[in-house]
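I have placed the structure first, in the form of structure tokens, so that the comments after it can refer back to it.
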Amino acid sequence: MSLDFYWYPKCGTCRKAKKWLEEHNVNFNEIHIVENPPSKEELSSLYKKSGLELKKFFNTSGQKYRELGLKDRLATMSEEEMIEILSSDGMLIKRPIAVGEKTVTVGFKEEQYAENWEIL
């Protein structure tokens, strides 16, 4: 089995996650999150599979997030509106996103990767 690994090469956290996957011999398919952002349908599926709040998919430290004033707007947005915004620009999505058959991880925490991906 292979993971889909959404990442942005200039992102330090993404590079750490990629290095971890390589060091642990995990097969993965690299997807540049800015050049090939997940579609609305893919994001909806990732969100449901992850078990996380949809807000966790936003790159809250990103420039675009601040420019759009999303910090104040998210509380009143519907899931559909959030997914629409996320799918409009890969820079708005928290990364990396690793997608397995039954699991999705957002961001990189070594313990989380070990728990979810080391056995692949």
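Any read-out appearing in this document is the output of simple, stated calculations on the displayed coordinates, not a laboratory observation. Just so it is clear, the structure is predicted and the values come from calculations on it, not from any experiment. As a convention, Cβ positions derive from the backbone with ideal geometry for all residues, glycine included, and neighbour counts pool all protein chains shown.
See the values below:
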{"item": "Whether region 45-97 is rounded, prolate or oblate, judged on the alpha carbon gyration tensor where a/c under 1.5 counts as rounded", "result": "oblate"}
{"item": "Nearest-ten-degree value, helix 12-23 long axis tilted from longest Cα axis of the chain", "result": "30"}
{"item": "Normalised contact order of region 1-86, rounded percent, pairs of Cα under 8 Å and 6 or more residues apart", "result": "26"}
{"item": "Pairs from 16/109; 64/94; 16/64 whose Cα-Cα separation, in the structure shown, is over 18 Å", "result": "16/64"}
{"item": "Of all DSSP beta bridges in the chain, antiparallel share, percent nearest 5", "result": "60"}
{"item": "Theoretical FRET efficiency, 1/(1+(r/R0)^6), r = Cβ-Cβ of residue 25 and residue 53, R0 30 Å, to 0.05", "result": "0.40"}
{"item": "Cα gyration tensor category, rounded, prolate or oblate, for region 27-69 with a/c compared to 1.5", "result": "oblate"}
{"item": "Residues residue 80 and residue 13, FRET efficiency given R0 of 30 Å [Cβ-Cβ distance, rounded to 0.05]", "result": "0.60"}
{"item": "Principal-axis tilt of helix 40-50 within the chain, Cα atoms, nearest 10 degrees", "result": "60"}
{"item": "Cα gyration tensor shape for region 22-120, rounded if a/c is under 1.5, else prolate or oblate", "result": "prolate"}
